[in-house]
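K.L.:
Before anything else, here's the structure in question.
Nothing in this text is a laboratory measurement; each read-out follows from the coordinates by a stated rule. A quick note: this is a predicted structure, and the numbers were derived from the prediction, not measured. Methodologically, a virtual Cβ is constructed for each residue, glycine included, from the backbone with ideal geometry; neighbour enumeration extends over all protein chains shown.
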Amino acid sequence: MAVQALQSSGVGLRRILAHFPEDLSLAFAYGSAVYRQAGPNAHQENPMLDLVFTVDDPVAWHTKNLKKNWSHYSFLKLLGPRIISSVQNNYGAGVYFNPLIMCDGKLIKYGVISTGTLIDDLLNWNNLYIAGRLQKPVKIVSMNENAVLRSALDKNLKSAVTTACLMLPESFSEQDLFIEIAGLSYSGDFRMVIGEEKAKVLNIVKPNVAHFRALYGNILQEDPQVVYKTQQGRLEIDKSPEGQFTQLMTLPRTLQQHINHIMDPPGRNRDVEETLLQVAQDPDCADVVRLGVSSIVRPSSIRQSTKGLFTAGVKKSVIYSSRKLNKMWRGWLRKTP
């Protein structure tokens with residue numbers, strides 16, 4: 001019932017937000033505490049609530065937050081807000097997490113990211129870390145009138161559709177599409193092998209197809225490359241070399257560069273457009289795109305998790321990792337006859 005209350009009213013989320021400095025361009029909640037998941041998380045009592053705060057000025061925000069919530073930070077608080085902001089911006093995926101915080105009677109984890117870093121990730125997929133979370137249904141708690149951020153959020157969703165379609169056959173179901181989209185930010189993530197349960201993507205999508213449909217329905221209907229049969233819940237995509245080239249040319253810049261690096265033999269130094277034209281005609285186009293996504297996510301997830309040892313502190317990192325491993329273990333036990 002607590003999860004339903006959070007979802008239906010948002011009052012619980014706004015109460016939590018009141019404990020933090022107000023200067024947020026975007027605040028959203030995600031994960032199993034907000035949207036029900038299948039698998040071992042389905043019956044989890046009081047799951048940890050995951051939040052992300054987007055701020056225009058990280059130094060100013062951390063300065064205020066240190067005054068309000070000194071105990072949330074690891075030993076890095078002793079070095080001051082400038083060092084905390086430097087660690088946030090320059091290491092990992094550009095986000096600073098404080099996990100395992102009791103706030104308003106709820107266990108939470110919150111991440112802080114600068115507005116500029118988030119916009120860059122949404123548009124270009126530099127890390128596909130917070131951008132990846134925003135490709136799945138989230139609960140927006142607060143958002144200001146930043147037109148550039150709103151446009152970038154929309155572009156991120158369109159890029160997710162295009163990328164997923166490139167990895168799917170000519171005809172597929174809504175659920176097939178949403179599984180590909182939800183899996184983008186886990187593709188190559190080492191935590192999917194160590195800690196995160198492998199069926200996580202399916203567990204996210206199956207109970208939330210209606211939420212994915214609400215998020216992507218208009219984009220699919222307006223996409224000239226897609227035939228969206230809403231009544232049957234089926235889609236068709238142009239898989240001709242010309243159609244795939246059009247799709248490849250609209251991919252985020254970092255993904256295009258990674259695809260170019262995968263396909264470009266040493267010494268050739270071809271431009272990206274020439275490589276994408278070749279990929280469009282390749283029967284293994286889907287695999288190449290998948291490899292490109294993985295090559296963004298894998299190093300990003302490793303760097304961010306390593307950074308967690310410093311931002312969370314060793315004790316909290318061990319407790320947090322144990323919770324993740326415990327979820328995977330419970331899932332394995334349920335599958336074992």
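K.L.:
Run down the aspartates and glutamates and flag those whose C-alpha is under 16 Å from the C-alpha of K206, throwing out any fewer than 8 positions away in its chain.
P.N.:
Qualifying aspartates and glutamates at Cα under 16 Å: E174, D176, E180, E197.
K.L.:
Just report the Cα centroid separation between segment 53-69 and segment 249-289, whole Å.
P.N.:
A separation of 40 Å, based on Cα centres.
K.L.:
Calculate one ³J(HN,Hα) per residue across segment 172-183 by plugging θ = phi - 60° into the Karplus curve 6.51 cos²θ - 1.76 cosθ + 1.60, and present them in order as whole Hz with x for glycine and proline.
P.N.:
7, 8, 3, 4, 4, 5, 5, 5, 5, 4, 5, x
K.L.:
Under a point-charge model restricted to the Cβ atoms of Lys and Arg (+1) and Asp and Glu (-1), what is the dipole moment magnitude of segment 207-253 relative to its Cα centre, in debye to the nearest 20? Show your work: numbers first, answer last.
P.N.:
Working: 5 positive and 5 negative charges, 38 e Å.
Taking the Cα centre of segment 207-253 as origin, the dipole is about 180 debye.
K.L.:
Between Q44 and N218, with labels modelled 7 Å along Cα→Cβ, what's the label distance in nm to one decimal, could you check?
P.N.:
3.1
K.L.:
Sort 100-108, 81-89 by the packing proxy (mean of other Cβ within 10 Å over each peptide's residues), most packed first. Display every interim value, and only then the final one.
P.N.:
Values: 100-108: 15.8, 81-89: 18.7.
Final packing ranking: 81-89, 100-108.
K.L.:
Sticking with this structure for a sec: What pairs in K158/K229; K67/K155; K77/K106; K68/K136; K106/K155; K67/K106 have C-alpha atoms more than 26 Å from each other? Before the final figure, lay out each step's value.
P.N.:
Details: K158/K229 18 Å; K67/K155 36 Å; K77/K106 23 Å; K68/K136 31 Å; K106/K155 33 Å; K67/K106 21 Å.
The answer is K67/K155; K68/K136; K106/K155.
K.L.:
Taking the mean number of other Cβ atoms within 10 Å as a proxy for protection, how do you rank 237-245, 143-151, 173-181 from highest to lowest? If you can, show how the numbers build up before the last one.
P.N.:
Working: 237-245: 16.8, 143-151: 13.1, 173-181: 20.8.
Highest mean packing first, the order is 173-181, 237-245, 143-151.
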